[in-house]
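Step one of this worksheet: look at the structure below.
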Amino acid sequence: MQPTLIIFMRYPQAGTTKTRLIPALGAAGAAQLYRHLAERTLAQGITLQQQQAINIEIWFTDGSVAQMQGWLGDSQIYRSQPAGDLGKRMLTAFATVLADGSNRAVLIGTDCPDLSAKHLSEAFAALAQHDVVLGPAQDGGYYLIGLRRPIPELFVNIPWSTAIVAQRTLTIATQLGLSVHCLPSLTDLDRPEDLTHWACSLTTQALLGRWVSRGPD
């Protein structure tokens, strides 16, 4: 079976989406920005899908399959994320798609505006020779992880949402004797201070221009 791209996302709703950006953009603006980022991320996956044979599975929270299809269409596979912390949810996603027959799986979120089809292509190619592919984020986390088989140790006892997530993951991989390929480090868009960094991006300029010009409320 062909490789699978797993995209973790949520159904955007004002007040529960991108809550750390609400002080800067307001509840509706934060949700709108998230919607934009998610759509852009999916578009990069579809671009890669047009270049090589991959499946795309969207694992979502805060909505129904009908809502997700109404938003993003019915061309992709949709699965509801299970309960548990981020590590458990990611491990479940990997275990599911790899058990279904995929020989390689890459998992991404939607917070990285610079993530491109080229990065995704590099990740899938690297998995032909490496056990793990990791895309480190500037904040210490990671924006992408790729595996050829489920490796539970990479997802337990990780201090999620801290500045040592990527380093801790790399340390565990080394201890397990796994070969790792690292992608270029990219910047996530999570916090109000991240907005200024992305103000020059054409993909976010319209949404961010008002905040950058006047600062947060």
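The values are calculated or read from the model by the stated rules, or taken from the named source; none is laboratory data. Computed from a predicted structure; not experimentally measured. As a convention, Cβ positions derive from the backbone with ideal geometry for all residues, glycine included, and neighbour counts pool all protein chains shown. Side chains are part of the model used for accessible areas, which takes the heavy atoms of the whole protein and leaves out ligands, DNA and RNA. Shrake-Rupley method; radii C 1.70, N 1.55, O 1.52, S 1.80 Å.
Quick one: count up the residues across region 7-32 that are among the aliphatic types (A, V, I, L, M) and in contact with a Lys or Arg (Cβ under 6 Å, 6 or more places away or on another chain). Lay out the reasoning, then the answer.
The first filter runs over region 7-32 and keeps only residues among the aliphatic types (A, V, I, L, M), leaving 7, 9, 14, 21-22, 24-25, 27-28, 30-31.
Next, from what is left, pick out any that are in contact with a Lys or Arg (Cβ under 6 Å, 6 or more places away or on another chain): 30.
Total satisfying the criteria: 1.
Pairs linking a residue in region 1-24 that is more than 17 Å from H36 (Cβ to Cβ) to a residue that is open to solvent by 50 Å² or more (accessible area, probe 1.4 Å) and small (G, A, S), with Cβ atoms under 7 Å and 6 or more positions apart or on different chains, are Q2/A53. Residue check: S179 meets all listed conditions (1) under 21 Å from T110 (Cβ atoms); (2) surrounded by fewer than 17 Cβ atoms within 10 Å (Cβ to Cβ) but one, namely (1). Filtering region 52-64 to residues that are assigned to a strand (DSSP E or B) and either open to solvent by 40 Å² or more (accessible area, probe 1.4 Å) or not aromatic (F, W, Y) (or both) leaves N55, I56, E57, I58, T61.
For region 122-132, the criterion of a residue being closer than 22 Å to R35 by Cβ and in a helix (DSSP H, G or I) is satisfied by no position. If you go through region 82-101 and keep only what is touching a Ser or Thr at 6+ places or on another chain (Cβ under 6 Å) and open to solvent by 10 Å² or more (accessible area, probe 1.4 Å), you end up with just P82. Screening Q49, Q67, Q32 for residues that are at negative phi, open to solvent by 70 Å² or more (accessible area, probe 1.4 Å), at pLDDT 95 or above and not basic (K, R) leaves exactly one candidate, Q67. Just so you know, in region 128-157 the residues that are open to solvent by 20 Å² or more (accessible area, probe 1.4 Å) and without any contact (Cβ under 8 Å) to a residue 40 or more places away in the chain include one that is farthest from N103 (Cα to Cα), and it is N157. Residue count for region 70-81 under the criterion of being open to solvent by 40 Å² or more (accessible area, probe 1.4 Å) and either without any contact (Cβ under 8 Å) to a residue 12 or more places away in the chain or part of a loop (DSSP other than H, G, I, E, B) (or both): the result is 3.
Among the residues making up region 109-127, those that are crowded, with 19+ Cβ neighbours inside 10 Å and in contact with a helix residue (DSSP H, G or I) (Cβ under 7 Å, 6 or more places away or on another chain) are T110, D111, P113, L115, L120. Can we say A53 is in contact (Cβ under 8 Å) with a residue 12 or more places away in the chain and touching a helix residue (DSSP H, G or I) at 6+ places or on another chain (Cβ under 8 Å)? The answer is no for A53.
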